[in-house]
Amino acid sequence: MNKLRNRELLHGGDYNPEQWLDRPDILEEDIRLMKKAGVNVVTLGVFSWSILEPKEGVYQFAWLEEIMDNLYQNGIHTILATPSGAKPVWLDEKYPEALRVDEWGRRRHHGVRHNHCITSPAFRKKIGEMDRLLAKRFKDHPGLLLWHISNELGGACYCPLCQKRFQEYLEQTYGTIEHLNKAWWTVFWSHQYQRFDQVEPPFANGEGSIMGLNLAWKRFTTWNMADYLRWEKDILKEITPGIPVTTNFMKLYPGLDYRVLAKELDVISWDSYPRYHNDYESLYDTCIENAFDHAVMRSMKKDRPFLLMESVPGAVNWHDYNKVKRPGMHKLAAIQAAALGSDSVQYFQWRKSRGSFEQYHGAVVDHLGREDTRIFQETAETGRVLAALKDVAGSVVKAKAAVVFDWDNRWAIQDMKGLSQKKKEYEKTCMNFYKLFLELGVETDVISREDSFSTYDVVAAPMLYLLGEDTARKLKEYVAGGGQLLCTYLTGYVDKDTLCYLGGFPGDGLKELFGLYSEEMDTFYPSDKNQVRFLDGSLGEVRDFAEILKLSGAEPVGVYIHDFYAGTAAVTRSQYEKGSAWYVGARLDEGTMKRLLRELCQEAGITIREIPGNGEYHVRENGEARFHFLLNYGEETIKFQDVRGMELLTGEVAEGELLVKPMEAAVVLEKKQLAKGEDR
Ligand code: GAL
């Protein structure tokens with residue numbers, strides 16, 4: 001069913017020929033240049049609605065068919081978008097209900113993009129008609145590889161239709177208004193509702209003080225967006241069941257729980273635009289943050305590759321400072337995407353537009369129109385690299401460790417009134433755990449609290465403030481079965497509706513798992529300091545948060561050494577049936593956390609492979625082979641140890657040590673049979 005599986009790696013990008021229909025010379029040149037750049041796929045039609053349907057009910061698809069034919073004849077496949085990312089003026093004029101309403105209750109005027117009401121029956125009907133016709137017209141086109149639904153779904157609509165749908169969703173979820181009032185603790189400040197139709201979304205100038213409401217609105221927005229996505233998908237699937245479906249995600253976009261949307265998709269794809277070469281962190285840190293984002297995407301469908309749908313070969317136009325990628329960065333970023341499990345490297349955009357909002361956004365082909373530019377040449381070089389890595393296509397990354405990074409939890413932490421609003425840093429904390437695992441050479445997935453933990457030897461679930469109905473039970477089962485689990489300060493404070501657990505945190509049975517409860521949480525001013533002394537005498541630095549713990553079975557592994565809680569446990573470990581549950585009550589410095597994670601991994605029997613500074617290492621595998629990816633973001637050559645096999649970019653054979661130059665990467669093929677032979 002999946003036409004995408006086990007092909008070559010895809011290389012291409014968003015192509016907007018509709019902007020150049022009056023320039024056949026340019027369209028012809030595009031094909032010539034695409035072939036030169038090693039492009040084998042383009043994404044068409046993302047913002048083409050006003051050309052595809054210039055007047056209501058008047059459709060013009062011939063130009064698109066001609067372009068797709070021409071591309072296909074030249075070896076280039078098409079990812080075909082549905083055009084719901086931006087609507088034509090006639091639609092807004094005739095169906096004003098399709099215009100989104102913002103959090104102040106203001107209806108938008110026509111214009112810009114990503115601004116349709118996702119509930120509006122009129123909008124759904126119009127896009128439904130469009131999708132049905134597109135699918136019928138192109139269902140047998142040999143170049144059609146994948147459907148790309150809409151573009152970067154996001155935002156929320158507060159119109160009367162969405163409000164009503166929200167109220168229906170709440171009634172379905174909570175059953176009775178009494179139940180909702182209890183779950184949201186609305187008696188506080190006299191906020192009880194009498195009927196579901198009184199519940200408004202959290203308008204900017206309305207109700208914002210009920211944490212349960214705020215979270216329910218986010219969940220509803222995700223639910224409604226998933227419903228919208230399914231609406232478009234079902235139409236496409238009815239006509240083209242064999243064509244897989246994706247939509248492009250945006251990094252860790254906070255407005256939607258991507259894991260819910262992912263269930264509607266055959267393939268995960270996303271758009272990556274890191275701020276390379278910035279002045280506030282090292283290139284290594286920028287790239288590892290990007291690795292985390294890739295891992296989040298990959299982990300939504302672990303059994304198959306994901307796609308890098310957009311990236312830029314030069315500079316974007318929307319960062320605070322739009323710095324161009326330095327020589328070599330583009331190729332390195334492309335190899336990184338492949339290393340993390342992507343089967344594609346694609347760009348926004350193939351050719352720069354002449355006017356409007358993105359006329360200065362980077363592209364493979366500049367306004368210059370030449371092929372001898374640095375960016376074109378680096379893109380072509382990337383095309384050659386991806387061709388050399390052809391056999392990687394279809395292989396997957398298998399992780400031994402997981403970091404739990406959960407959207408509901410993220411929303412709940414963000415919204416909680418407590419600690420320090422500035423220092424909660426949930427995303428950064430999860431990212432740091434991920435980075436430390438990578439530095440220990442431990443491949444790591446990034447999962448939600450609803451995913452299964454059982455396939456991992458080690459699970460780190462930092463700041464797991466919100467527990468869902470099943471989370472505590474799953475964590476206990478995981479440890480009982482022999483898992484190594486690490487949780488931290490702020491674990492298990494609230495239930496799925498953000499009601500605090502009574503009788504001590506962590507709630508919901510986790511006190512028994514960790515053998516402790518937390519009596520107080522201390523929040524530090526930036527100049528406050530404390531330290532933890534470990535059993536071996538080593539010291540760790542505490543920053544931002546320190547929980548004061550009371551033990552009821554856990555063994556202390558480290559104790560605070562200052563302040564009124566000096567001598568009490570800061571880090572503990574508790575044996576629970578076959579596994580161990582570690583609790584780190586304070587935010588600790590990176591070096592200390594790395595030591596702890598190393599110990600956990602060793603206990604779990606994972607082989608540690610310390611990765612040299614500024615280096616990154618990943619393995620993808622299939623039935624026959626392992627592909628070892630070794631990357632260097634630093635200014636010195638890196639010596640990677642224990643690498644054996646053929647390097648696919650140079651054809652050289654590595655027999656133990658491999659040198660990787662600054663801003664370069666190596667990909668070493670290890671045949672699986674060979675490894676068995678060696679064992680014998
Ligand atoms: C993406 C979007 C593209 C383009 C690009 C610019 O977020 O999907 O259409 O706007 O950003 O970086």
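A few notes on this one:
- Selection from 632, 669, 649 lying farthest towards where the dipole of the range 615-674 points positive, charges on Cβ: 669
- Assuming charge only on the beta carbon of Lys and Arg (+1) and of Asp and Glu (-1), the dipole of the range 2-64 about its Cα centre is about 420 debye to the nearest 20.
- On a per residue basis, the range 401-604 carries 37 Å² of accessible surface, using protein heavy atoms and a 1.4 Å probe.
- Maximal additional length on extending the residue 500-residue 205 stretch stands at 103.6 nm, based on 0.36 nm per residue less the C-alpha distance.
- Percent of C-alpha pairs per 5 Å bin in the range 485-620, short distances first: 2, 9, 19, 20, 19, 14, 9, 6, 2, 0.
- Within the chain, DSSP assigns beta bridges of which about 55% are antiparallel (rounded to the nearest 5).
- Surface composition of the range 401-604: carbon and sulfur atoms hold 49% of the protein heavy-atom accessible area at a 1.4 Å probe.
- Projecting the Cα atoms of 217, 143, 73 onto the charge dipole of the range 73-245, computed from C-beta unit charges around the Cα centre, puts 73 farthest toward the positive end.
- Looking at the range 165-282, the accessible area is 43 square angstrom per residue; that uses a 1.4 Å probe and ignores ligands, DNA and RNA.
- Helix-only mean residue ellipticity at 222 nm for the chain, each DSSP H run of n ≥ 4 adding -39500 (n - 2.57), per residue, nearest 500: -9500 deg cm²/dmol
- Globularity ratio of the range 401-604, using Cα Rg and 2.2 N^0.38 Å: 0.92
- Accessible surface of the range 615-674, 1.4 Å probe, proportion on carbon and sulfur as whole %: 46
- Checking every one of the trypsin sites (Lys or Arg not before Pro) in the range 25-120 against DSSP loop status and a limit of 12 other Cβ atoms within 10 Å picks out 106.
- Across the range 381-394, coupling constants 3J(HN,Hα) worked out from phi with the 6.51/-1.76/1.60 Karplus curve, θ = phi - 60°, read 4, 4, x, 5, 4, 5, 5, 5, 9, 3, 5, 5, 3, x Hz, and Gly and Pro carry x.
- Rounded to 0.05, the FRET efficiency of the residue 60 and residue 102 pair, given R0 = 25 Å and the Cβ-Cβ distance, is 0.15.
- Net charge of Cβ neighbours under 12 Å - reference residue 196; Lys, Arg +1; Asp, Glu -1: -2
- Pairs of Cα atoms nearer than 8 Å and 6+ residues apart set the relative contact order; for the chain it is 11 percent.
- Per residue, the solvent-accessible area of the range 615-674 (1.4 Å probe, heavy atoms of protein chains only, all protein chains present) comes to 50 Å².
- Accessible surface of the range 181-231 [probe 1.4 Å, protein heavy atoms]: carbon and sulfur percent: 55
- DSSP-loop GluC sites (Glu not before Pro) across the range 281-390, with at most 12 other Cβ within 10 angstrom: 281
- The chain, Cα convex hull volume normalised per residue, Å³: 169
- Of the GluC sites (Glu not before Pro) in the range 531-625, the ones in a loop by DSSP (not H, G, I, E or B) with at most 16 other beta carbons within 10 Å are 577, 610, 624.
- What you get for the range 615-674, charging only the Cβ of Lys and Arg (+1) and of Asp and Glu (-1), is a dipole of about 220 debye around the Cα centre.
The values are calculated or read from the model by the stated rules, or taken from the named source; none is laboratory data. All values derive from a computational prediction rather than experimental measurement. Cβ coordinates were reconstructed from backbone atoms using ideal geometry, including for glycine residues, and neighbour counts include every protein chain displayed. Protein only, heavy atoms only, side chains kept; ligands, DNA and RNA dropped before computing areas. Shrake-Rupley method; radii C 1.70, N 1.55, O 1.52, S 1.80 Å.
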